Structures are given as structure tokens and as C-alpha cells.
Amino acid sequence: MIKHVPVLLVAIPLVVAFMLPIIGMVNRTIRTITAGVAIVIIMVLSYLLIQDVMICKKIFYYMVGSPDPTALFEHGLTFPIRIALKIDQFSLLFIIMATTLSFLFYLFSSQYIEENERKNYFTVLYVCMVAGMMGMLIANDLFTFFVFLEILSISSSALVSFRTERKHPPYAGYKYMFVSSIATSFFLLGIAFLYAQYGSFNIDYLKKVMDGTVLDKIAIVMLILPLAMKCGVVPMHMWIPDTYSEAPAPISSMVKLGSLICLYGLFRIAFTFGSHVYVSYELGILFILFGVLSMFVGVTQALIQKDVKRLMAFHAVSQVGYMLLGVGVGLSVIKSGDASFAIYGKIAMIGGLFHVINNALYKGLLFLTSGIMVRHYKTRDLNVMHGLAHYDKFTALVFMIAALAISGIPPLNGFVSKLIIYESVFHYNPLLTLIAIFVSVLTLASFMKVFYSAFLGMPPERKPVEQPILVKFSMVILSIIIVAIGLFPQGIIKLLIEPAVNALATF
Amino acid sequence: MRLISVVAIVVIFGFIFVGILHLHPIGEPVGNPRILYERPPLGIDTQGVTIMDDYFLRNGQVETGSNNIVASIVFDYRGFDTLGEATVLFIVVSSISMLFFTFLKSKSIVSAGVPRARQFPRIESRIITFGAFLMYIMILSFGIYLVVHGHVSPGGGFQGGSVMASATALLLISFYITRHMQRTRKIFSFFESLGLTIFIGMGFAGIGISFLYNFLAHGTTVFGKIIPFGPNPGYLISAGILPWLSLAVGIEVFFGLSLILVTLFHASGVKNNL
């Protein structure tokens, strides 16, 4: 049965999403529970794979519809004719992150979003979003990757404009839809180039037959730039502030998670194809450039914001920069021929991938707390907010944990990954480390501003309503994970990150 | 600013053009052009097959039992992508239902006080309504024909479903579906989910071997007729799960697109009267 796990990770959310409209007509409580159970099942399935994939270094292949799903090639051919799914260490790292976090955000949203008939559609689209993420993570086939990228983009753009009764969310959703459709069309064009030349969509097969012509390089650029656009790196970040700030709080977290899944695709394509077409050094330099630009522009834009969710959105841009910096340094030295990869390149990649996980945790938590703030004050303007900590000490504490983690203060998880990035990037170029530390200081400054305006000061005019139990529960779990990773980072680096980096580097 | 965008577009298209120039020469396909003609009539044959397309051309008809190679690729070899595409349509329908929900619930539709004639400029013409009804039956039958013969002749679930949904559009503009809008939407939504559930259910039915495995082909009594290679009159009871998948997609596309049409029609009707 365990050989079917790759396809079940997609099929279970999809079958539940298809039946949810019917279940929602019958009973809304059952609908909420069913969707939650589907996400729990795929979460448990992904944990079951840790033993096999991470420790025993086994790679799961699955050919959908084949008489023997684990056999790579049928009838003695040298190329696959069906859709290939693959779970290796690198994708399992992201699968575990995505399932766990989407379950926690689902718990939050199940009581945060008010119960009415529209919540049926909300739940359907949420589960489809999870299915889209899973499909992108397990696909070993460029076209399947594209299809699930579309599923992710369309469902998240609809969810961004969930509050249609207000003026701005439909515009934000439309903008996101527009940007992502441009990105996915160029991605499709890149796939078309590769298919016209080599007659296959399979990533492993393409890696084998690519011979480094101009066409390959153009196709790789066309695959990488759209994914960078979907991650929101700086020259293409114009959709991020609107999308993240107008969406409901759990959806902001989910869209952020989705952009990290696009980062997975970016790394995967860069490492798989880059080293074979002899452009890994150039791609690494491009990633570092993107990373430094994103860090700097994101944080300087965030400093001047008065809107709490826009501020957090610009910090999301600047955090993506750290991951690109870490992995980009690794990518640029991976084929250099000397020992620099072993000395600092691999450590930089560990820092970058570790930062992906840490960032998903604390950024999700920050967006969730911003939802509670916005619901209490009925506005996102920081100048109007004051003194929530007088009544709601729980939210203040949780926000404090997340804000200190994103600023890189020692006992929390953000510190660990940032320190790894600083130390390893210092060997590559000390200037990059200086910029990264400077950005971190500015991050701390802007979050102190948020904490001061929203939580300290005169007590607010009215008492906040007590938060429902699941809302509190999901935030507590996220805070516990953040503190635990910060206190014991060795365990998770040994168990999850290091096998993932090895798998990525040996593509 | 306009200059910058023009330069950007020229650069992007130049980039694409350079890529096209480096493709393999036009007129020389990657694979083997005579792959279809020199082939034994039975069994899987991979002689001279160098890329994926060659395999489909050479073995698609025999392996899946479907005369329509496109259908065999869409529903069998790349059935997982088709599941994804059907999901995209499902998501679009759900999004439109969600985003236009406030329009549909607004007072001017539900309130009994406002006469319906003022909401929709209703044309009371027997010729139009009766003619539309006749056309409805004919378009629907053509769509059902396309869906059912998806694995034999050109057509299939997506195409047939769209043809059937155009019949719904005809009913809308001749003002058949103006009352009981919520009930209509519920029925459409139910059948849309049902079609998709059949699709993924057929996938789960083959999970003893693998997901979306064509377990009905190759000689079972239901839809398992082994067809002769080459031109043949076409057999409806062939191709295994392909007709079922085609039917499921047809149901989903028909009701999904109809739901979009009904929702947008009523939403635009509300907006005009505000």
C-alpha cells in the first residue's frame, strides 16, 4: 500500500474537494470535519514516509496508470511514456511543511471565517489549494507541474478576493490572477520549447538528454523567471502587497505557503537543469542578485508602511531574499571544481532551506495574529491601533514570539537559519553578509514599531472578544514549533534538511 | 513608460524568436514518420520508437482499444493531467459561485414585491420560446453523441460538454431559466460534483494495480472488446474506462459551464437593475 502514497497525497484532497459541495448541502459541520480529516490523512501519510525516504534514502517513483506503477520504463523503452510522480528527500521536506502548516491554518480558518453558505466554497477552494501544492511537490513531469500550478493560482486568487462585500479585495484577486496567468503562460511556453525539441515532459529524462544548446538556456530562463515572479522576488514583486494585505488572515498565510512551493519549483529546475547545461554559476549569481535586491527593497519598503498587513507583506518579500541568497551561493559554487562547495556552499544551502521552513512557520503565525488585530480594530492602520496587550495577553505573547523569530533573536528559530546563512555566505563574499545583517536589524526595527503601536499604549476603548478555541490552539502549536526548533535545531537539520540538501546537490 | 514597455515586449519576443530558430528544422519531425504503417497487428511493438509520440502512434490503438488516439492520450496515458484540468474547471465554477454570491442573494432577486418583468426584459414570443426549446433538444443530443463516441471518433468529454452547455445559454437568452434560481444552481452543483466523483472513483477503482489504471480494457465483458488494428468501423464497447471517464468529464463540463452561465446571467441582471 505504501507504494501508492505519492498519488494518494493528491487524490485524497481532490476526492474530498469534489464531494464537499454535496456534503455542504446536507450538513455544514460534517463538511468542515471532512475537509479537516482529508488534510490530516495526507499529513499522516507524509509523516509515514520519513522513515523510508529520509533515513533509508529510498526514492518513491509512481507511474500513474501503468500496469506496474513502480517500474520507471515500460516495455524496455529508455524513456517514460506516462506521467511520473517522484518523492525524494527534497520534495518530502516541502511536503511535510505544506501538509502540517495547511492543517494548522485550516484549524484557524474553520472558526475564524464566519459560518454561512459562502464557507462551502471557501472550504472547497482551500482543499483544492492543498491538492495543488501536493501535485506540484510530487510531480516529476513538467506539464503536471504546470497543471497543478494553475490549480494553486486560480484557487488562491479566488480566495484572496473572498470578502467581496468590501471594495478592494476583488481588485487584489484580479491583480493576482492577472500576474499569475502571465507567469504561467510563459512557463507553458518554456515547456513547449523543451517538448518540441526533445519530445518528453519528464524532468529526469530531459535532464539526461539536454545538451546545452541556446534553446535549452532560453527554455530554462522561461521556466525560472515565472516561478520567481510567483515567489515575489523584487523586480516582479508588485502583486505581493495587495494580495497579502487584502486576503483574509489564514489565506494570507496559505498564499505565502504557496509562494514557497513555487520556490521549491525554482530550486528544483535550477539544480536539475542548471548543472547540465553549464549555467549553474550564472543561475547562482542571478539568485544572489535577486536575493539581495529582495532583502533590501522589501525591508526598506516595509519600514515606511502604516498598514500592518502591507508591512508584513513587504517583509515576506525580504525574507524570500534570504532563502535565495543561501541557495544561490550553493548553486554558484556547486560546479566550481574546488572544495568551496564542501567548505561553505553546502552549509549555505542548509541555511537557505532551513530558512524556508522557519519562514513559513513564523510568517504564517504573523499573518494569523494580524487577522486578530484587524478583526479587533476594524482597520489595518497602525496609527489608530493602541493597547491591545492590556486585554489580550495571549495574542501579544504569540505576536512577540513570531516577531522576535523573524528578526533573528537568539532562542528562536529565525536566529539559527540566519546565523547559518551569515557564516557561510561570509566565506563567499563578506559584503553579502553585511547586507543580510543590516536587513535583519531593520526587520527588528519595523516589528518593534508594530508591537509598540498595536499592543502598547493606552487601553483600547472596547474589550476584545474572546478568540475561539481552535484559533488559539493553532497559534499555540505554531509558537511551540517555533520555540522548539529554535532550542533544538540540530535534530531537524540532521533529520530533514541535510538529506534534502544532499538530494538537491546530486541532481 | 510606454517606450519601456515597447522595448520590453520587443526583447521578450526577440528572445522567443531566437529560441524558435534553434529548434530542430521544420519538416523533420523528431520521431519516425513511418512509425504507424510498419507494425504487427497485435501486441506492444516498440521497434523504431525513439520518443513518446512515436509510442502513442504505434501502440495507442492496440493498447487502450480506442480508435481515437487523442482520447487514448488524454484519458489513459496522461489521465492524471486531465484530472487536473477537470479540477481547474471545478475551481473556476466554485470561485464564480463564491464571488457572485452577494449578487445572487441581493434583494432584487429574492424579494417577492418586485415584479419579475422589471428585472428581466422578458420577450413574450411563442416563436422564440418554442424554437429555443426545439433547438435545445437537438443541441443536447449532438452533445451527448460527442461525449458517448469520444473514444471512437473525434470529440470527447470536454467538447461534448461545451456543446451541451451552449444549449443552456440558448435557454437563458430565451428566458426559460428565470425562476427557482437557487434550486437550479443546487441541482447543477450536485451533478457537477457527481461527474467529478465518478472520474476520480474510476481512478480509485484501479488502485489494486495503480491509480487510473485501465482495468476494464483487454478482454473484459464490459467495454473490453479487443479491436483490430488499423481502420475499422468503430466499436462502442471498447477502450475500457475511457468511455466512463469521457462521460464523467462530459457531465462535469456540461453542468459546470451551465452553472457559470446561470450565475453570470443572474448577476448581470441584478447589476442592470441597480
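The values are calculated or read from the model by the stated rules, or taken from the named source; none is laboratory data. Source: prediction; values computed, not measured. Using ideal geometry, Cβ is built from the backbone for each residue, glycine included, and neighbour counts are taken over all protein chains shown. Remember, those area values only see protein heavy atoms, side chains included, never the ligands or the DNA or RNA. Shrake-Rupley method; radii C 1.70, N 1.55, O 1.52, S 1.80 Å.
Quick notes on this one:
- Candidates are the residues of region A:71-90 that are under 14 Å from A:I138 (Cα atoms) and touching a strand residue (DSSP E or B) at 6+ places or on another chain (Cβ under 9 Å); the one that is surrounded by the fewest Cβ atoms within 10 Å (Cβ to Cβ) is A:K86.
- Region B:6-27 residues that are farther than 11 Å from A:Q197 by Cα, paired with ones that are surrounded by 10 or more Cβ atoms within 10 Å (Cβ to Cβ) and modelled with pLDDT of 90 or more (beta carbon under 6 Å, 6 or more apart): none
- Within the set A:Y106, A:Y61, A:Y112, A:Y47, the sole residue that is open to solvent by 10 Å² or more (accessible area, probe 1.4 Å), within 14 Å of chain B (Cβ to nearest Cβ) and either touching a helix residue (DSSP H, G or I) at 6+ places or on another chain (Cβ under 7 Å) or not small (G, A, S) (or both) turns out to be A:Y61.
- Near pairs, Cβ below 7 angstrom, 6+ apart or cross-chain, from region A:177-202 (part of a helix (DSSP H, G or I)) to any residue that is open to solvent by 40 Å² or more (accessible area, probe 1.4 Å): A:T184/A:E150; A:F186/A:L225; A:I191/A:F143; A:A196/B:L23; A:Q197/B:L23; A:Q197/B:H24; A:Y198/A:V209
- Residue within region A:485-500 that is outside any helix (DSSP H, G or I), loosely packed, with under 15 Cβ neighbours inside 10 Å and of a type outside the set (K, R) present: yes
- Of the helices (runs of 4 or more DSSP H) lying entirely inside region A:222-321, those containing at least 3 residues that are modelled with pLDDT of 90 or more and among the hydrophobic types (A, V, I, L, M, F, W, C) span A:249-274, A:280-303.
- Residues that are more than 10 Å from chain B (Cβ to nearest Cβ) and more than 13 Å from A:L227 (Cβ to Cβ) within region A:140-155 comprise just one, A:N140.
- Criterion violated by B:F191 - all others in (1) within 11 Å of chain A (Cβ to nearest Cβ); (2) assigned to a loop (DSSP other than H, G, I, E, B); (3) in contact (Cβ under 8 Å) with a residue 40 or more places away in the chain; (4) surrounded by fewer than 22 Cβ atoms within 10 Å (Cβ to Cβ) satisfied: (2)
- Looking across region B:83-99, the residues that are open to solvent by 10 Å² or more (accessible area, probe 1.4 Å) and more than 8 Å from chain A (Cβ to nearest Cβ) come down to B:L89, B:I96.
- Residues located in region A:405-435, provided they are surrounded by 22 or more Cβ atoms within 10 Å (Cβ to Cβ) and within 21 Å of A:L366 (Cα to Cα): A:A405, A:I406, A:S407, A:G408, A:L412, A:N413, A:G414, A:V416, A:S417, A:K418
This table checks each residue for (1) free of Cβ contacts under 8 Å to residues at least 24 places away in the same chain; (2) among the polar types (S, T, N, Q).
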position: A:S417; (1), (2): no, yes
position: A:T433; (1), (2): yes, yes
position: A:K449; (1), (2): no, no
position: A:L456; (1), (2): no, no
position: A:P468; (1), (2): no, no
position: A:S479; (1), (2): no, yes
position: A:I493; (1), (2): no, no
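- Test: residue in region A:331-342 that is assigned to a helix (DSSP H, G or I) and free of Cβ contacts under 8 Å to residues at least 40 places away in the same chain: yes
- Pairing residues of region A:261-275 that are within 17 Å of A:F201 (Cα to Cα) with residues that are among the basic types (K, R), at Cβ distances under 8 Å and at least 6 apart in sequence or on separate chains, gives A:T272/A:K207; A:F273/A:K207.
Residue-wise test of (1) at pLDDT below 80; (2) open to solvent by 70 Å² or more (accessible area, probe 1.4 Å); (3) not assigned by TED's automatic domain parsing to the domain that holds B:L242.
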| residue | (1), (2), (3) |
| --- | --- |
| B:F120 | yes, no, no |
| B:A132 | no, no, no |
| B:I137 | no, yes, no |
| B:H149 | no, no, no |
| B:S153 | no, no, no |
| B:A165 | no, no, no |
| B:A169 | no, no, no |
| B:Y176 | yes, yes, no |
| B:M181 | yes, no, no |
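- Among residues of region A:13-44 being within 21 Å of the chain's Cα centre (by Cα) and more than 19 Å from A:Q111 (Cα to Cα), the one that is farthest from the other protein chains (Cβ to nearest Cβ) is A:M43.
- Residue match in region A:147-169 (condition: surrounded by fewer than 24 Cβ atoms within 10 Å (Cβ to Cβ), of a type in the set (S, T, Y) and either out of contact with any Leu (no Cβ under 9 Å at 6 or more places or on another chain) or at pLDDT below 90 (or both)): yes
- Conditions (1) modelled with pLDDT under 80; (2) in a helix (DSSP H, G or I); number of the one not met by B:L42: (2)
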